[in-house]
Amino acid sequence: MIFGLLLLIIQITGFSVTKQYRTQGLQYIDLDLDQFGQTSTGKTTLTIILENTIKVSYPFLAYCFNNDEQVVKSILQSLSSIQQHIESNKKQCVFDNNALLYYQNAQQLVFTNNIDDQNEWVYNQYSIYQLNHRKMRLYVQSTLETTYRLTISSSEKGECYNSCNSQGHCSENAVKLCQCQLGVLDSTCQITSNVINFRSKSSFQMERQTENLVIVPFPDSSSNIIITIDSHVELKLYFGCSYQKQYIPFYRSNSFNQTNISNGNVIISQKELQDCFENANKIEEALQTPLSKYLIILLVNEQIMNTQITLTLTSGDSEESGGTLEIVYIILSVLGSLIILVLLIICMIHKQRKGKRILILQPSNERANQMKVKKFRHSLRQDYIATEIYDQVIQEFPGLQESSECQICLLQFKKQDLVKLTYCLHLFHQYCLDEWRKRTQTCPFCRSNLTQEKYMQQIQEEQIIRLGVVVDDAISIDPLKLQEFQQREQRIRQLQQTQSPGSANVIQINTPGLCQFSEN
């Protein structure tokens, strides 16, 4: 049921009337400004304040531009419907948004004809609206029976638009608005909050099923803001910035960024902050009043237990620096691990080769490898120590069976291994001896001279002994030994041709006592 009250006031110059009401449901109050002498002409500001001290039932103060009773009822029927209307920005009805959303003791609406239509949106941030009509209807909605006090007053240009709470005072700027203490929000300085400085950490206790407002003053929008939350229970987090909308973030809002979080980061992008600054700068320019810019965070604990919260705020730059340091640490760790691994490999290789009699060097690159192979093949063609097969050497010299391993690499001989037998009757792998002779021309075992000249001298002596028969002081050739020797030389020649196709230099023995190199 709608109750109507007509407020009649005698004609006076400027006025202030306070009256107490008791109501339940929807009540309207009609005002006729033509009945107030000074307000009939000139610039006028009308301030309407609803005060309520009973929290059991909370009355809502509204002014509706739409006088359709059904529309008004649908908007004012509940707090949720009022919240939806505020977020829709349709303005069929207007409220003291922040005071109503946060159940403050005083709700305040201001109407004035001192502002132009172009800048009206700026004044709406402070619940100040254009006074377009001389006759007005105010609405008060309360679900349960409640008592409230309504004050209606007028003021002239140059006076403060709002009635400031004890935590604020009227500014001395061109446009006189309430200037609140740090940490106090709202156009009338009623809503209190915690203040956390940028790039700092704060810890506080949060009671169960409560809300906590936090503001973060910040100087510019040159980087992202990272909010780090550490809580024992999951929280709802809403965030926005000052002057972003005509109301601050509130519980169950659909207009602000919202997330559920217990531990982790929430990032506010640089672009979002720049948009906030641009909007705040426009308001500053219109009002000719400097504004404090800050981030607004609303934490809601819906759980049935209290929680300790640690809130840390850092910039994107510090995060980037931290990320860069982390990358540097990772790179250094990887490099350190690689260095240790290389050292271990070197130690293992050194340990394996320490027991060997020779260190076989490997070419450092492909070009060096090709040149070395070419040089090695050339040395094979000119080599004067023949390459043979181990099994055949043992058959010819059974006494060499005791030398079952190469004295250079210390590996056991296999039957088909390619070997070389020095004139001092020491047996080595072909490759091992070739690599050894690149450094020195001495036997790895007995250190005898392995030069070509010494070898030719020795081979002549061996041929005389191996092929001849000594009778008194004369030497005669044994045909059977000569045939065996020629067969061996033929076998060696064929093996050399297999190792080095097209070889031009081979050892040729024509007659006993004569050894020479021949060019084919």
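On the basis of being assigned to a strand (DSSP E or B), of a type outside the set (V, I, T) and open to solvent by less than 70 Å² (accessible area, probe 1.4 Å), does Q20 make the cut? Working first, answer last.
Working: assigned to a strand (DSSP E or B): yes; of a type outside the set (V, I, T): yes; open to solvent by less than 70 Å² (accessible area, probe 1.4 Å): no.
Criteria not met by Q20.
Take the residues in segment 387-440 that are among the hydroxyl-bearing types (S, T, Y) and open to solvent by less than 20 Å² (accessible area, probe 1.4 Å); name whichever of them is nearest to L495 (Cα to Cα).
By that ranking, first place goes to T387.
Which numbered condition trips up V56, out of (1) open to solvent by less than 20 Å² (accessible area, probe 1.4 Å); (2) among the β-branched types (V, I, T); (3) more than 17 Å from Q246 (Cβ to Cβ)?
The failed condition is (1).
Please tell me if D275 is modelled with pLDDT of 90 or more and over 28 Å from Y103 (Cα atoms). Can you show your working first?
Details: modelled with pLDDT of 90 or more: no; over 28 Å from Y103 (Cα atoms): yes.
Criteria not met by D275.
Being of a type in the set (A, V, I, L, M) and surrounded by 14 or more Cβ atoms within 10 Å (Cβ to Cβ): is that true of I225 here? Steps first, answer last, please.
Numbers: of a type in the set (A, V, I, L, M): yes; surrounded by 14 or more Cβ atoms within 10 Å (Cβ to Cβ): yes.
Against the criterion (of a type in the set (A, V, I, L, M) and surrounded by 14 or more Cβ atoms within 10 Å (Cβ to Cβ)), I225 qualifies.
In segment 183-193, is there at least one residue being touching a residue at least 40 places away in the same chain (Cβ under 8 Å) and of a type in the set (V, I, T)?
yes
Residues checked against (1) in a loop (DSSP other than H, G, I, E, B); (2) modelled with pLDDT under 85; (3) touching a helix residue (DSSP H, G or I) at 6+ places or on another chain (Cβ under 7 Å); (4) among the hydrophobic types (A, V, I, L, M, F, W, C):
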| position | (1), (2), (3), (4) |
| --- | --- |
| I408 | yes, no, yes, yes |
| V419 | no, no, yes, yes |
| C446 | yes, no, no, yes |
| I465 | no, yes, no, yes |
| Q486 | no, yes, no, no |
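Report, ordered by the first and then the second residue, all pairs with beta carbons closer than 6 Å, sequence separation of six or more or different chains, a first member in segment 145-174 that is closer than 19 Å to L33 by Cβ, and a second member that is aromatic (F, W, Y) and surrounded by 14 or more Cβ atoms within 10 Å (Cβ to Cβ).
Cβ pairs passing all conditions: S154/F15.
Going through segment 251-289 one residue at a time, which ones are free of Cβ contacts under 8 Å to residues at least 40 places away in the same chain, over 26 Å from the mean Cα position of the chain (by Cα) and exposed (fewer than 14 other Cβ atoms within 10 Å of the Cβ)?
If the condition is that a residue be free of Cβ contacts under 8 Å to residues at least 40 places away in the same chain, over 26 Å from the mean Cα position of the chain (by Cα) and exposed (fewer than 14 other Cβ atoms within 10 Å of the Cβ), then E278, N281, E285 are the ones that fit.
For Q84, are the conditions met, namely being over 26 Å from S242 (Cα atoms), in a helix (DSSP H, G or I) and open to solvent by 70 Å² or more (accessible area, probe 1.4 Å)?
Numbers: over 26 Å from S242 (Cα atoms): no; in a helix (DSSP H, G or I): yes; open to solvent by 70 Å² or more (accessible area, probe 1.4 Å): yes.
When the stated conditions are applied, Q84 does not pass them.
Residues that are buried (at least 16 other Cβ atoms within 10 Å of the Cβ) and among the aromatic types (F, W, Y): find the strands (runs of 3 or more DSSP E) completely inside segment 115-217 holding 2 or more of those. Lay out the reasoning, then the answer.
On the way: elements: 128-130, 135-155, 168-170, 178-180, 200-206, 210-217.
Per the criteria, 135-155.
Of the residues in segment 233-248, how many are farther than 18 Å from F277 by Cβ and either out of contact with any Asp or Glu (no Cβ under 9 Å at 6 or more places or on another chain) or buried (at least 16 other Cβ atoms within 10 Å of the Cβ) (or both)?
Filtering segment 233-248 down to residues farther than 18 Å from F277 by Cβ leaves 233-238, 247.
After this cut, where a residue has to be either out of contact with any Asp or Glu (no Cβ under 9 Å at 6 or more places or on another chain) or buried (at least 16 other Cβ atoms within 10 Å of the Cβ) (or both) as well, the list is 233, 235-238, 247.
So the count comes out to 6.
Of all the residues that make up segment 297-330, how many are over 27 Å from V233 (Cα atoms) and either of a type in the set (D, E, K, R) or at pLDDT 90 or above (or both)?
Within segment 297-330, the subset over 27 Å from V233 (Cα atoms) is 317-318, 320-330.
Now narrow it down to the ones that are either of a type in the set (D, E, K, R) or at pLDDT 90 or above (or both): 317, 320, 326.
Count: 3.
Condition test on D230, is it of a type outside the set (G, A, S), at pLDDT below 90 and open to solvent by 70 Å² or more (accessible area, probe 1.4 Å)? Give the steps one after another, and end with the answer.
On the way: of a type outside the set (G, A, S): yes; at pLDDT below 90: no; open to solvent by 70 Å² or more (accessible area, probe 1.4 Å): yes.
No: the conditions fail for D230.
The values are calculated or read from the model by the stated rules, or taken from the named source; none is laboratory data. Source: prediction; values computed, not measured. Please note: Cβ atoms are built from the backbone with ideal geometry, for glycine as well, and neighbour counts cover all protein chains shown. With ligands, DNA and RNA removed, areas are computed over all heavy atoms of the protein, side chains included. Shrake-Rupley method; radii C 1.70, N 1.55, O 1.52, S 1.80 Å.
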